[in-house]
1. Using label points projected 7 Å from each Cα along Cα→Cβ, tell me how many nm separate LYS116 and GLU154, to one decimal.
2. Percent relative contact order of segment 140-207, based on C-alpha pairs within less than 8 angstrom and at least six residues apart?
3. Relative contact order, percent, of segment 111-267 when contacts are C-alpha pairs under 8 Å separated by at least 6 residues?
4. For ARG83, ARG173, what ranking results if the residue with the fewest other Cβ atoms within 10 Å of its Cβ goes first?
5. Please say if segment 72-125 is rounded, prolate or oblate, where rounded means a/c under 1.5 for a ≥ b ≥ c the square roots of the C-alpha gyration tensor eigenvalues, and otherwise the choice is prolate for a/b larger than b/c and oblate otherwise?
6. About the Cα centre of segment 157-275, how large is the charge dipole given +1 on each Lys and Arg Cβ and -1 on each Asp and Glu Cβ? Please answer in debye to the nearest 20.
7. Taking every DSSP beta bridge that has both residues in segment 3-275, what percent is antiparallel when rounded to the nearest 5?
8. Quick check for me: using +1 on Lys/Arg Cβ and -1 on Asp/Glu Cβ, what's the dipole size of the chain about its Cα centre, in debye to the nearest 20?
Amino acid sequence: MNATDDWYDIDRLSDHSYRLTEGGVFGTFLIVGDERALQVDAGGGFGDLRGAVDGLVEVPVSLLLTHSHWDHMGAAHQFESVRIHDRERTADGRVTTDVVTDEFGYGPADFIADWKAAGESFPDGFDAETFEIPPAAGVEAAEPGETVDLGGRELELVGVPGHSPGQLAVLDRADGVLYGADLLHRDHDLYIHFEGCDIHEYVETLRRVRDLHEAGAFDTLHVSHAHTLSGEELGLVDDYLEGLQAILDGERGYELTEEEPQARRYEVAGHAVLTKPDVV
Ligand SMILES: [Zn+2]
């Protein structure tokens with residue numbers, strides 16, 4: 001086993017898809033067709049994601065970033081072919097850690113400190129003192145509604161803005177799987193309080209995802225930072241839809257949080273929902 005294999009936890013999801021998880025928490029996905037493969041997201045970039053992916057497939061791989069948050073674009077600079085929604089890149093085609101926002105409560109330095117404190121080791125060649133996420137350049141635009149043909153496997157890009165202005169999900173109708181990025185997570189707060197977040201767009205997104213589910217387009221939802229949801233667990237989509245609508249209708253109580261950026265903290269379906277202080 002080399003350092004790359006050690007760093008990423010690689011789970012085979014099917015005979016043509018994998019989950020590669022970094023640091024136990026930053027999930028990315030690899031979907032393989034007959035002629036091409038699509039890597040969905042790039043994690044925090046602490047390891048050699050490109051090497052790990054190349055060790056799994058023989059066909060050319062391109063990278064789709066679901067959105068530009070640092071824990072999704074970290075290793076993007078390792079790939080030649082990178083795409084993202086236009087609202088998540090700069091005018092000159094770059095994706096940087098702050099292209100939409102850098103006001104995260106938890107950044108790369110926090111992860112490094114926690115990982116060290118837990119007594120865990122980093123990949124060979126990693127230098128915690130100098131680590132910075134490099135920008136990715138030459139990033140092209142990806143559009144919701146687009147079909148991505150991998151050869152014998154067609155994927156559809158679905159717009160799921162709200163958490164981030166141009167967030168994209170990837171739908172594999174043949175498998176009944178939606179790769180939903182940061183759409184929602186079980187046992188995890190829902191963040192709608194960062195710059196670029198929009199609760200109105202979030203409600204539209206949840207409606208779109210619910211409709212796709214009800215139409216039978218998928219019954220498995222892979223997400224970036226928690227376990228996969230399927231079957232009845234997907235009721236969480238309806239719970240959030242109802243909860244966010246109730247927040248917008250002023251029907252829910254909240255507390256103001258202490259941390260920056262300041263947020264309203266609501267509770268929906270047993271989960272905390274953080275919104276901007278002026279949400280309604
Ligand atoms: Zn995110």
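Computed from the coordinates by the stated procedures, all read-outs in this text should not be read as laboratory data. These numbers come from a predicted model, not from an experiment. Note that each Cβ is placed from the backbone with ideal geometry, even for glycine, and that neighbours are counted across all protein chains shown.
1. 5.1 nm
2. Relative CO of segment 140-207 lands at 29 percent.
3. Value for segment 111-267: 16 percent.
4. Exposure proxy ranking, most exposed first: ARG173, ARG83.
5. The shape class here is oblate.
6. Dipole magnitude for segment 157-275 comes out near 240 debye.
7. Counting DSSP beta bridges with both partners in segment 3-275, the antiparallel share is about 70 percent.
8. Charge dipole, the chain, about its Cα centre: 320 debye, nearest 20.
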